[in-house]
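The values are calculated or read from the model by the stated rules, or taken from the named source; none is laboratory data. Treat the numbers as computed from the prediction; the structure is a model and nothing was measured. Counting neighbours? That spans all protein chains shown, and the Cβs are built from the backbone with ideal geometry, glycine included. When the accessible area is computed, the model is the full protein with side chains, heavy atoms only, and any ligands, DNA or RNA have been set aside. Shrake-Rupley method; radii C 1.70, N 1.55, O 1.52, S 1.80 Å.
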Amino acid sequence: MFALRSLAFKSVPFPGKSQLVNSGLHTSARWSGAKVAVVLSGCGVYDGTEIHEASAILVHLSRGGAEVQMYAPDVSQMHVIDHGKGVPVENESRNVLSESARIARGNVTDLAKLSVGDHDAIIFPGGFGAAKNLSTFAVDGPDCKINTDVERVLKDFHKAGKPIGLCCISPVLAAKLLPGVEVTVGHEEEKGGKWPYAGTAGAIKALGAKHIVKECHHEAHVDQKNKVVTSPAFMCETQVHLIFDGIGAMVNNVLKLSGK
């Protein structure tokens, strides 16, 4: 469906890229005092948060001088994937908040407690957890439902004019909730397997959002009107350092938009 290509089971990660600005990746520029919420969806690319994406976000936020608090919903995962075999594990369940604590080194808060007034910006890493645990996109495509607290916080940050960052598959959350928003998940054609999840762009258009074709490194697409910044990350098959740089562009633009 939508060339999501068996989102649950395929062993291929997903990268991509985005529009705009010079990322300023390894500069000494800092946005001192920016308070940023990072929303996780578990731990592990095929049933939770993509760990490399989360780590890249945290490194770039640290370099930018941001104060970070991680959150995750206190709900059960859609299912559990054996990441070595790429198949579901029968008769096993895991909690999204508990699994997210693995990435957060224990310092993670129930998403129900997140208040827009406590933060200057919010960022969502990718990983199939965004499409399985934060929403039902992996199963329902454009007809998906969004977790109640995810919907609340995204709409609250948007209404408050505070920047929202999303990478990899997570831009579908904004596409579902913010009519007409501009996002990128990379390319719209597979290009010989480089973009294995290219069909996601079609689903984004079906949601009423505008998809912007981007690469996965050095830049991010910025929807200035909505203050939504996106980067394809692992929607693309490429080298990890390019994913890291593309995420850095996304993070830096989120911090710039925060005005801190």
Amide H contacts under 5 Å for S41, restricted to residues at least 5 apart in sequence or on another chain and with H modeled in the peptide plane, are T49
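So, with a 1.4 angstrom probe, what is the percent of accessible area on the chain that is carbon and sulfur? Provide the component values of the computation, followed by the final result.
Numbers: 4780 of 10020 Å².
Whole-percent figure for carbon plus sulfur exposure: 48.
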Options (1) 0.89; (2) 1.34; (3) 1.03 are given for Cα Rg over 2.2 N^0.38 Å, and the computed one is (1)
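Quick one: in region 23-152, what % of C-alpha pairs are over 26 Å apart? Intermediate results must be reported in sequence, preceding the final value.
Values: 1959 of 8385 pairs.
That tail contains 23 percent of the Cα-Cα pairs.
Are there any GluC sites (Glu not before Pro) in region 76-107 that are in a DSSP loop and have at most 13 other Cβ atoms within 10 Å? List them by number. Don't skip to the end; give the middle numbers.
Values: sites: E90, E92, E99; in loops: E90, E92.
Of the GluC sites (Glu not before Pro), the ones in loops of region 76-107 whose Cβ has at most 13 other Cβ atoms within 10 Å are E90, E92.
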Between V36 and residues 5 or more places away or on another chain, the pairs with built amide H atoms under 5 Å apart involve E67, V68, Q69, D120
In the chain the DSSP beta bridges are antiparallel at a rate, in percent to nearest 5, of 30 percent
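Apply the a/c threshold of 1.5 to the C-alpha gyration tensor of region 99-227 and tell me whether it is rounded, prolate or oblate. If you can, show how the numbers build up before the last one.
On the way: a/c = 1.58, a/b = 1.39, b/c = 1.14.
Taking the square roots of the gyration eigenvalues as a ≥ b ≥ c, region 99-227 is prolate.
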Using the basic label-point model (7 angstrom from Cα toward the beta carbon), what is the K225 to E151 distance in nanometres?
2.4 nm
